[in-house]
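The values are calculated or read from the model by the stated rules, or taken from the named source; none is laboratory data. Please read these numbers as outputs of a predicted model, since none were measured by experiment. Cβ placement follows ideal geometry from the backbone for every residue including glycine, while neighbour counts extend to all protein chains displayed.
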Amino acid sequence: MLNKIRNRQGFTLIELLIVVAIIGILAAIAIPQFSAYRQKGFNSSAGADIKNAKTVQESMFADFQTYGRTQAAGLLTAAADLTGGAGVILQGPIVASTATVVGGLLSGPRPDPSNNPPTAAIASGAGVSLSNGVHMQADNMAVDPVSFTSNSYVMMSKNVQGTRVFYTETEATAIMFTQNDAEAGTTLAAALAYGVLPAPTAAIDLAAGAATGNPAPYDKWAAQ
């Protein structure tokens, strides 16, 4: 029995060093891949939300013949909703709201049906949803003084932890994006302040794939 105990052998130092080296190699490969998957997930959530919001815009136009801008409160307010221009930046997570529930909303003008012919506009709206960490803004263009509607919009989104800013507009069927790997942790507001996206009156030339007057690296756009 004593001889059996003496003959037992443990791991040598070389063997332990080899195991540690293998673990280190695997960690060096896995950690960047994990980070890349997380970034892909963040970007996908912002892209999916703006795609859904675009569907809401088109449904709103089908129902009311007008497009909307983002509004944080679900309660429609005539002073804000009857003019075209920049909407507020919505921050997820939020669920789709109605006209009486606080949440995310696309709101815009439409003719007052109580007047025939229409002589004024009333507010209309449709709820939107946003995923956790996603920021989104929709700008509708100036209201037509004859039809009392807004017939065009631009819209953008970004996940705070993501590296892509997504963009779409009235005439675009695709969702466009521009990417900057250094933008992880940057809000949509900061991206707008830097000049990532053009003003509503200077929409991106999607056919050319570039934003007019925007500084690099935000001057290159691609379809999602």
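Key figures
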read-out: Filter result (modelled with pLDDT of 80 or more and not hydrophobic (A, V, I, L, M, F, W, C)) within segment 182-197; value: Gly185, Thr186, Thr187
read-out: Flag for Val143 being of a type outside the set (S, T, N, Q), touching a Ser or Thr at 6+ places or on another chain (Cβ under 6 Å) and assigned to a loop (DSSP other than H, G, I, E, B); value: yes
read-out: Meets criteria (in a loop (DSSP other than H, G, I, E, B), closer than 13 Å to Asn140 by Cβ and modelled with pLDDT of 75 or more) for Thr66; value: yes
read-out: Of the criteria (1) under 25 Å from Ile94 (Cβ atoms); (2) touching a Lys or Arg at 6+ places or on another chain (Cβ under 9 Å); (3) at pLDDT below 80, which one Ala210 fails; value: (1)
read-out: Residue match in segment 88-97 (condition: modelled with pLDDT of 85 or more, surrounded by fewer than 24 Cβ atoms within 10 Å (Cβ to Cβ), in contact with a Gly (Cβ under 7 Å, 6 or more places away or on another chain) and not aliphatic (A, V, I, L, M)); value: yes
read-out: When residues of segment 125-162 are limited to those that are of a type in the set (Ser, Thr, Tyr) and surrounded by 21 or more Cβ atoms within 10 Å (Cβ to Cβ), the one nearest to Gly104 (Cα to Cα); value: Ser157
read-out: Tabulated pairs, segment 142-163, first without any contact (Cβ under 8 Å) to a residue 12 or more places away in the chain, second crowded, with 21+ Cβ neighbours inside 10 Å, C-beta under 8 angstrom, 6+ apart or interchain; value: Asp144/Ser150
read-out: Val134 being aliphatic (A, V, I, L, M) and modelled with pLDDT of 85 or more; value: yes
read-out: Criterion: assigned to a helix (DSSP H, G or I) and at pLDDT 85 or above - qualifying residue of Ala48, Ala79; value: Ala48
